[in-house]
Every structure is written in structure tokens, then in C-alpha cells.
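Here is the structure we will look at.
The values are calculated or read from the model by the stated rules, or taken from the named source; none is laboratory data. In this text the structure is predicted, and so the values were computed from the model without any measurement. In this analysis, Cβ positions are derived from the backbone assuming ideal geometry, glycine residues included, and neighbour counts consider all displayed protein chains. All accessible areas refer to the heavy atoms of the entire protein, side chains included, with ligands and DNA or RNA removed. Shrake-Rupley method; radii C 1.70, N 1.55, O 1.52, S 1.80 Å.
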Amino acid sequence: MSNNSIEITGQQNYDFQDMVCIYLILIVLSKYSESDNSFFAEQADSEDATMIIDGRTIEVQVKGSTKPLTLKGLADYLSHFPDKSFNNPLFERLLSDDRLVIFIVSARCRDDVLSYVTNFDQGFMEHSRDFRKKDVTDIYDEFSNWSTGKDTSLMIERDSTIQALPEKSKETTKEALKRILVLEQFTNDKAKIECTQLLRSKFNIPNHKHTKLINELVTIVKEGKRQDSILDDCKGTILKLQSNTVRPKNYIENGNEDEFYNILCEKNALVITGEARVGKTYTAKFLAAEFQIEGYEIEVLNDVNETELLLRQPYSLVILLDDPLGSIIANNNAYHDLTTLRKILNSASAHKKVIISQREDILLEVSNSSKLDELRFNHHLCHKLTVNIDFSILLWNKLSSEYKVPDGISAKISEYLTSSELVLQAGCIEHLAVNHDKVADNLRSSDIKSVAYQTASDLSRELESQGFGSILQALYMTTDLNVPVELDHFKHIIHTDDKNILAISNKIGTSLSLGGLEKKDHSSELFHSYIESKSLNNEEENYIDSMIKKRIIDYDENNSYKRIQVKFSHPFYQHSAEILFNNITPLSFNRILPILKQAIFCLSPSTSRVAANNISKLYRVIREQSSKIHLIELAIESLNSSYPATRD
């Protein structure tokens, strides 16, 4: 009989065992993320790995031998004992409760073991098929003839324990066999491939980060053997490198996705255009997400100046430029940016794909074109998204169910959409579903259309009258359409005295005031967390909750660190917030300036950069000259930020 030890000889095989542990950990984290689980590597008196998932124990043996696995070999594996013991072998533990036993083997299984072979596509699940009485007889025949082949007292006792198994457990064996899972032909190379596929598809880890991450996970496994559960350490390491998915939640395909995806594969660049709120951004993000699960890094930007540097990075990347020429009106530098866009599209390659989403009217204005047919980006055409009746009906039915639109209203609007009496963009359909309570009782199509096409200025006045003004202004200053703010940072920003600033790089900062240069003394301490935790009051929580329900802001808890993030869901709603600054008084400005300052000097580099960018936006919309001067002073003070991107 072969040696029954689970120890695997040789560094390559030890590496194989570690890779298998990482593979299993990735399955646990991707398929059982909401459970309270554990993972132990080489736990004392157990197997190569032990998992506890939803309270159920799963023991794992890893076998690197390529010798074909027979039923005799499987019985040998099941006869493994705790170290220096002749009691409680693995098969007896299997019979004692509902645990699963997994064997991951490099070998091919012979016919007498095929009934135990499975895969983990659906997680760790016992076999659905029923085992026969013959299967029970066959395994016990192997046990009855089992022998270590050694005559030490320990080995003789082990022989007796295994040979006695049929007498004390035969009745329960049939169900127990369903819980023996064998994964065959699983080599070291196969483990690496499976791990990288999981990192891409389940954790949004781009290809260029895989080697670094796997090395870190191997270290955790090696150092964690015979220690406590290593699952949390592995999870934390993964989250540090994980990218947020860009795939829109509950996305409904509009029929263009396959064509657009093929264009990106063949030409490496795509320009999507169309009316405002027709669904350009959602479509572009859906396409980017398709490449994200193939291992591409994704960057969503609206500033073309950040793109040229990214194109020089040595890894596979998809750059999504969302309304780079302007979302409501053309940017001041739009004509220059259009020239830059042409160069960027020319630089696209198989490893550097570019998606541009831009409103049609702004694109035509900036390019001095009267129609899209006249517009070319070198050999790249502009692809226009239009209102699709079937898609509109499908979207309306989904949203009317989600927002509990009364049946009579839902049916009437569906009828208008079907007959094309109402032709609505996707964003307008969503706005209509959220605000269905404003639809007049007579259900005339003109009244329904006025709700769907509510102007940004009308919405701004409505939200301000309902008390949302201050929160909307704070969100405008701390976010942009592609960069959310974490609520933990947001709480600090709106509730901290402006004298208590943290992310500042030097001890003595100089700022410009109307009276000349003024020196300000700042602490040189490096802050890694806020000195005092802050909370939203009930009113603020209600306002944010209401705006999430109205789809004015997006709420995301599925990010790398599982922290809550919020941002405006569409340029239309961001513009509604911007309008609130048009007629701001000096008194009101004195209330919002400290918030902007706290955002710039908060502990989030991304929020700080966004807030610094928003100084120029506010300068354009605020009319009071004294307020403009204060913004200039803040811009100069912001040059002391700890973050290079903010200083830039």
C-alpha cells in the first residue's frame, strides 16, 4: 500500500498546494461573500485545507501525483488519520456529520472513480445523483482489504480501524458518498489559469496586477499554515487591488451592444453619440465592463488632457471619455480638445482601446458640422444611439414595476410608447417612472411628456423648495460624474470647522488675501484618519435617501472597500445642482466656502482633486465679485495640498 501521508514532496508540489488554496479562497470570496466563513491551511489534525462555509465543514486534500486515480487510491485518501492517531480517519469524520470532502488531483480518474468527479462552477455542492448499493459495496471492499503495509503498533491499529468501518457505518454511507467531490486533472498551470480567470471575472482585477496579487496571496497561505483563518487577510489583500465594476446596475441591452463590441475588437475605438439622456454613457460603460472581465484596466474620464499619459502605460487599458467636449454646453477648450480627441483615437490599439461618448448637438457644434455623416475621426465613424421602441417599452415596464407605478398609468404610458405618440429617451423614461406621482389624472400624452422632460432649472427650483439645496450644493462641490464621494468623507467635509484641515503638505503655507500675503501655520502631523468621526443628522440622511430613490444620485456599496459612495447619476441632475449657485448671495457663499475647503483638504485624494477642479466651475457660475476673490484665494491655498493631482 502506498504511504498515506498527505505531505506533498518537492517545492513545485508545495507551490501547487498553495495555488489550490488560493483557487479555493477565490471561490469562497466570490460565491459566498455574504457568509461568515473561514479558511484554514494545514490545520492541526485535519487535511491540506479546511473551509467552514455557512457552518458546514469542508475538508480538502491536494494530490499532485499524475498516476491515474482508482477507487483503491480514493479509499487510501479517505483513510487518512490525524497525526500520530489511529482514531477518527477522514472517512469516519465524513460519516459523522454533513461535511464535504474534496480531493483536488492532478491525475485523471479511472472509470470506477468518475461518479465522484465534479466541478465548482456552482460552488461546493454535493452530488445531485443518488449513489447505488453497489457503490457502497465497492468502497467498503476497498476498506476491508486496506493495509498500511507496516507492522508498527500505530499502523496495526490504523489497519483495524479502517477494516472495521463497514461494521459500524454501512447504513449511512450511501448519503455520505454524495459528499465526496473529486476535481481531476487539476495541475499547477491549471490552478494559475483558474485563479487569473476568477480575478478578472469576479473581482475586476486587471491582468497587470495578477502576478503581484498572487505572490502576496501565496505568502499569506505559506505564513498562515497551522494558524487561524487566513480568509480575511486574503480578502483585504484582494480589495486593495480590486477595481470597481463599471457595469451599470440592472442594465437592459438596447440592441447595439454586439455591433459596438465587435467594432472595439476590430478597430480598438468607438465614438457613440446621440441626444441627451438617450443612454450613451450606460452603453459605453456596459461595453467597457465587457473588457474589464477580460483583464483590462478601465479609466472613465471627461478630461482629454488626462488621456495621453494613460495611453503610454504598459498595460491593457480601456479609456472611456464621457462627454469630453461638455455635457450641457461645450467646454471653453472644446475646439482644442476635439483636435486632441482625434490624436487619441489615432493612438488606439489592441491593448489601448478608446470609447468616446458625446452628445450629438455639442459634437456637431464643436466640429462645425451640420450632420454626423460629415464628421469623421480619421477612419472612425460616429455611431448614433436612437430611441428604440421595443427597448423603451421594456425599460418602462421594468421601471414601472420597480417604482410601483399604478397599473392604469403604467398601461397608458406603455400604450403611448408602443404607438410612438410618446418618444422618450432612456433617461426621460427613468425620470418619468420616478416622478409618476406628478402625472395628471387625465393622462394626456402632452402632460406626461412635460413630466418626462422636466427642465434642469425647474427641477432645481423644485428641489430647493423641498429643502435639498444645501446637500445638492455639497454634492456638486465634492463629486463629478465619474468620481463619487465616500459618505465617510462627505460627513467630515460638511460638518468640520474649516480651521481643522488635514491633507496639507507643509508646515507654513502662504495664501493671498486682499491685504497681501498672509502666513498660516498648519500642523505638520500626517493624518491617516479623521480626528473625530462625524455623522449625518436625520434630515440629511432623509435627503440623501430620497435622492437615491429618485435616481438623482447613484448609491454604490459594491466598491473595492465596501464603503458607501454617492455621485450624481446624470449630467442633467448635476446641472440642476449647479443652477443653485447662479444667484447665491455673499451670506450663502460664506456657508459653502468652508465645505469646499474641507473637500480640498480631506483625506480622500480623489475627492480633493474633484473639489479643486470645481473651483473653476464655481468661478464661472457665481456672479458676486467678492465671492470670486475668495475662490481665487482658496485656489492659491490649495497649492499646499498633500496631493499632487490637487496641486496640478
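Which value at 222 nm does the chain reach when only helices count, each DSSP H run of 4 or more adding -39,500 (n - 2.57), with the total divided by all residues and rounded to the nearest 500 deg cm²/dmol?
-14000 deg cm²/dmol
If R0 is 45 Å, what FRET efficiency do you get for S450 and L309 from their C-beta distance, rounded to 0.05?
According to the calculation, E is roughly 0.50.
So how many Å³ per residue does the convex hull of the Cα atoms of the range 363-454 work out to?
Per-residue hull volume (Cα only) is 122 Å³.
Can you pull the one-decimal nm distance between simple spin-label points at Q625 and N332, each 7 Å off the Cα toward Cβ?
1.9 nm
When we measure straight from the Cα of K84, which aspartates and glutamates land under 16 angstrom away, once same-chain ones fewer than 8 places off are left out?
Those aspartates and glutamates meeting the cut-off are E7, E42, D45, E47, D151, E157, D159.
Helix 11-31: angle to the longest alpha-carbon principal axis of the chain, degrees 0 to 90, nearest 10?
That helix lies at roughly 50 degrees to the long axis.
Which entries of K63/K192; K63/K133; K209/K353; K491/K597; K280/K491; K240/K353 show an alpha-carbon separation above 22 angstrom in the structure shown?
Going by Cα-Cα distance, K63/K133; K280/K491; K240/K353 fall outside the 22 Å limit.
Using a Förster distance of 22 Å, how high is the FRET efficiency between D258 and H208, based on the Cβ-Cβ distance and rounded to 0.05?
0.20
Please tell me the relative contact order of the chain in percent, rounded to the nearest whole number, where contacts are Cα pairs under 8 Å and at least six residues apart.
Over the chain, the number comes to 10 percent.
Rounded, prolate or oblate for the range 29-74? Axes are the square roots of the Cα gyration tensor eigenvalues, ordered a ≥ b ≥ c, and the cut-off for rounded is a/c under 1.5.
The shape class here is prolate.
Keeping all protein chains in the complex and leaving out DNA, RNA and ligands, what accessible area do you get for W396 with a 1.4 Å probe, in Å² to the nearest 10?
Per-residue accessible area (W396): approximately 0 Å².
Rounded if a/c is under 1.5, else prolate if a/b beats b/c, else oblate: with a ≥ b ≥ c from the C-alpha gyration tensor eigenvalues square-rooted, which is the range 549-648?
In terms of gyration-tensor shape, oblate.
Which value, in Å² and to the nearest 10, is the accessible area of D111 when all protein chains are kept and the probe is 1.4 Å?
130 Å²
Can you return the lysines within cross-link range of K404? Criterion is Cα-Cα under 18 Å, with same-chain partners fewer than 8 residues away left out.
Hits, sequence-local ones excluded: K412, K438, K549, K550.
Taking N as the number of residues in the chain, what is its Cα Rg relative to 2.2 N^0.38 Å?
1.21
Of the heavy-atom accessible surface of the range 271-390 (probe 1.4 angstrom), what whole percent is carbon and sulfur?
45 percent
Just grab the label-to-label distance for A44 and R342, each label 7 Å out from Cα along the Cβ direction, in nm (one decimal).
Result: 7.4 nm between the two label points.
Rolling a 1.4 angstrom probe over the protein chains, ignoring ligands and nucleic acids, what is the accessible area of R158 in square angstrom, nearest 10?
Accessible surface of R158 is approximately 30 Å².
Assigning unit charges at the beta carbon (Lys, Arg +1; Asp, Glu -1) and nothing else, what dipole magnitude in debye, to the nearest 20, does the chain show about its Cα centre?
With only Lys, Arg, Asp and Glu charged at Cβ, the dipole is about 1040 debye.
Exactly which GluC sites (Glu not before Pro) in the range 222-257 are in a DSSP loop and have at most 15 other Cβ atoms within 10 Å?
Answer in residue order: E253.
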